[in-house]
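Here the structure comes first, spelled out in structure tokens, and everything after it is commentary.
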Amino acid sequence: MKKLFIIANWKSNKTEHESIKWIQEFPISSRSAGQFPNNKEIIICPSFVYLPLLKSYILDHNLPIKLGTQNISKFDEGAYTGEINGKQIKDFADYVIIGHSERRQNFSESEETINKKIEQAKKYRLTPILCVQNPDFRISQKIEIIAYEPVFAIGTNYPDTPENASLVSAEIKKNSLSNHVVYGGSVTSKNVKEFTQKSNIDGVLVGNASLDPLEFFEIIKNA
Ligand code: 13P
């Protein structure tokens, strides 16, 4: 059975109250309950400020959930006001989303910046989830997880076709030495299986539909 990464990207959403409510309502049971086959890796990427809260809850309830962040500083620790660096992230999370199109567009992130962020993630043994829009990106390093996220499909309710997503994923694997390619863009519990059943697609990166704990649970179940 292939490994599937089911990743929630909450983006800049949820207050402290809403974050704790989400995790309380998420109907997953403890690690020992064997609710899902352990080929499904569940990763939640909340805002930085709620990582301590969610980490405590996950540990206290022994939940089979990993945490990730939506960004990382391109710099190591030091005099970089406002930045959150890899060493700090490692206290709370195992994964980090890098190069999301919303960051490339709104924060002018360049390939050079993205490469530096990948280096920082690797330095602190965080697994980068690198977002790309097509197979023609230039990253010199081996990346564990690449997310194919075409801009036209993000937040639009118009996902790419599973056939095209699968072709692009195959191309990415060929060009990048990456073992795992996930698809992102308007994924829901209704369409998730069409993507994950493709042999080249190793999971999904979910925005809007992950904000509802019951819908995200259905996505995991149906994947
Ligand atoms: P949506 O699932 O809201 O389309 O967002 C996808 C995304 O950008 C995940 O990173």
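Relative to the compact-globule scaling 2.2 N^0.38 Å, provide the ratio for the alpha-carbon radius of gyration of the stretch 167-223.
Scaled against compact globular proteins, the figure is 1.16.
With only alpha-carbon atoms counted, please give the Rg and Dmax of the stretch 92-173, in Å.
Spelled out, the Cα radius of gyration and Dmax of the stretch 92-173 are 13.1, 37 Å.
Whole angstrom only: what separates the Cα centroid of the stretch 119-148 from the Cα centroid of the stretch 1-43?
A separation of 22 Å, based on Cα centres.
Amide H to amide H under 5 Å from ILE97: which residues, 5+ apart in sequence or cross-chain, H placed 1.01 Å off N in plane?
Sorted by chain and number, the residues that satisfy this are THR69, GLN70, ASN71, ILE129.
Pop a pseudo-label 7 angstrom from the Cα along the beta-carbon direction at both THR15 and ALA33 and give the gap in nm to one decimal.
Between THR15 and ALA33, the label points sit 2.8 nm apart.
Please give the net charge around TRP22, taking every other residue with its beta carbon less than 13 angstrom from that of TRP22, where Lys and Arg add +1 and Asp and Glu add -1.
Value of the local net charge: -3.
Kindly provide the chymotrypsin sites (Phe, Trp or Tyr not before Pro) of the stretch 32-101 that DSSP labels as loop, not H, G, I, E or B, and whose Cβ sees at most 13 other Cβ atoms within 10 Å.
For chymotrypsin sites (Phe, Trp or Tyr not before Pro) across the stretch 32-101 that sit outside H, G, I, E and B with at most 13 neighbouring Cβ atoms in 10 Å, the list reads TYR80.
Using the Cα centre as the reference, give the magnitude of the dipole from point charges on the C-beta atoms of the stretch 93-191 (Lys, Arg: +1; Asp, Glu: -1; all else neutral), rounded to the nearest 20 debye.
320
Please report Rg over Rh for the stretch 37-114, where both radii come from the alpha carbon positions and Rh follows the Kirkwood definition.
With Rg and the Kirkwood Rh in hand, the quotient comes to 1.02.
Checking the table LYS14/LYS66; LYS2/LYS90; LYS3/LYS173; LYS2/LYS221; LYS90/LYS174 against a 25 Å threshold on Cα-Cα, which pairs fail?
Flagged as over cut-off: LYS2/LYS90; LYS90/LYS174.
Calculate for the chain the 222 nm mean residue ellipticity that helices alone would give, adding -39,500 (n - 2.57) per DSSP H run of length 4 or more and normalising by residue count, nearest 500 deg cm²/dmol.
-9500 deg cm²/dmol
In whole percent, what relative contact order does the chain give with Cα contacts below 8 Å and a gap of six or more residues?
Relative contact order for the chain comes out at 20 percent.
With charges only on Cβ, +1 for K and R and -1 for D and E, what is the dipole size of the chain about its Cα centre, in debye, rounded to 20?
With Lys and Arg at +1 and Asp and Glu at -1, about 540 debye.
Can you give the percent of C-alpha pairs in the stretch 7-62 whose distance is more than 19 Å?
The calculated P(r) of the stretch 7-62 puts 28 percent of pairs beyond 19 Å.
Using all C-alpha to C-alpha distances in the chain, build P(r) with 5 Å bins and read off the rounded percent in each one.
Per 5 Å bin, starting at 0, the Cα pair percentages come out as 1, 7, 16, 20, 21, 17, 12, 5, 1, 0.
Using each residue's phi in the stretch 91-105, evaluate 6.51 cos²θ - 1.76 cosθ + 1.60 at θ = phi - 60° and report the 3J(HN,Hα) Karplus result to the nearest Hz, with x for Gly and Pro.
Running phi through 6.51 cos²θ - 1.76 cosθ + 1.60 with θ = phi - 60° gives 5, 10, 9, 10, 10, 8, 6, 10, x, 4, 4, 5, 7, 4, 6 Hz.
If you count only protein heavy atoms with a 1.4 Å probe, what accessible area per residue comes out for the chain, rounded to a whole Å²?
48
In what sequence, largest accessible area first, do LEU53, LEU177, LEU205 appear using a 1.4 Å probe?
Final ranking, largest accessible area leading: LEU177, LEU53, LEU205.
The values are calculated or read from the model by the stated rules, or taken from the named source; none is laboratory data. Nothing here was measured: the structure is a model prediction, and the numbers come from that model. Positions of Cβ are backbone-derived with ideal geometry, glycine not excepted, and every protein chain shown enters the neighbour counts. Ligands, DNA and RNA are excluded from the accessible area calculation, which covers all protein heavy atoms including side chains. Shrake-Rupley method; radii C 1.70, N 1.55, O 1.52, S 1.80 Å.
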